[in-house]
Amino acid sequence: LIRAEIETDGLLAVSEIFFPWGKRPCHQIALYYWVHLLKDSIPLDGSFWGYDELGGVRTELEYCWVPLEELRRGLKVYPAELVPYILNPPEGTVHFISKQL
């Protein structure tokens, strides 16, 4: 298990995400923070892994750092509604809804 030592720099966004998980509709509330690493505790290139569980089913999740330029060129990430706020930081915290159903 990899643990990252981070420091938060403020809350960027609160989101409500509606998405399917198998045949079940899900509603997720997510908080997105501006953060920075305190140490090189996770790889800055390549992938690192985590997981999520729902109903006793474990799903492996792959993570990686993405240069902002790739987001500007249209790299598809989820939730897509977050990208404009990353590229053009708002003053204060924003709320958005993402419907992926």
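The values are calculated or read from the model by the stated rules, or taken from the named source; none is laboratory data. Quick caveat: nothing in here was measured; it's all calculated off a predicted structure. Cβ placement follows ideal geometry from the backbone for every residue including glycine, while neighbour counts extend to all protein chains displayed. Just the protein is used for accessible areas: all its heavy atoms, side chains included, with ligands, DNA and RNA removed. Shrake-Rupley method; radii C 1.70, N 1.55, O 1.52, S 1.80 Å.
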Legend entry - Tally of residues being β-branched (Val, Ile, Thr), over 16 Å from Glu81 (Cβ atoms) and not in a loop (DSSP other than H, G, I, E, B) across the range 1-47: 3
Legend entry - Close pairs from the range 1-30: first on the phi > 0 side of the Ramachandran plot, partner in a strand (DSSP E or B) and open to solvent by 70 Å² or more (accessible area, probe 1.4 Å), Cβ under 9 Å, at least 6 apart: Gly10/Tyr33; Gly10/Trp34; Gly22/Val57
Inset, instruction - For residues that are surrounded by 11 or more Cβ atoms within 10 Å (Cβ to Cβ) and under 12 Å from Ala4 (Cβ atoms), tally how many sit in the range 27-79. - result: 9
Inset, instruction - Mind listing whichever residues of the range 85-99 are open to solvent by 70 Å² or more (accessible area, probe 1.4 Å) and either out of contact with any helix residue (DSSP H, G or I) (no Cβ under 8 Å at 6 or more places or on another chain) or under 14 Å from Leu12 (Cβ atoms) (or both)? - result: Asn88, Pro89, Glu91, Thr93, His95, Lys99
Legend entry - Subset of the range 60-71 [modelled with pLDDT of 90 or more and either under 21 Å from Ile97 (Cα atoms) or part of a strand (DSSP E or B) (or both)]: Glu60, Leu71
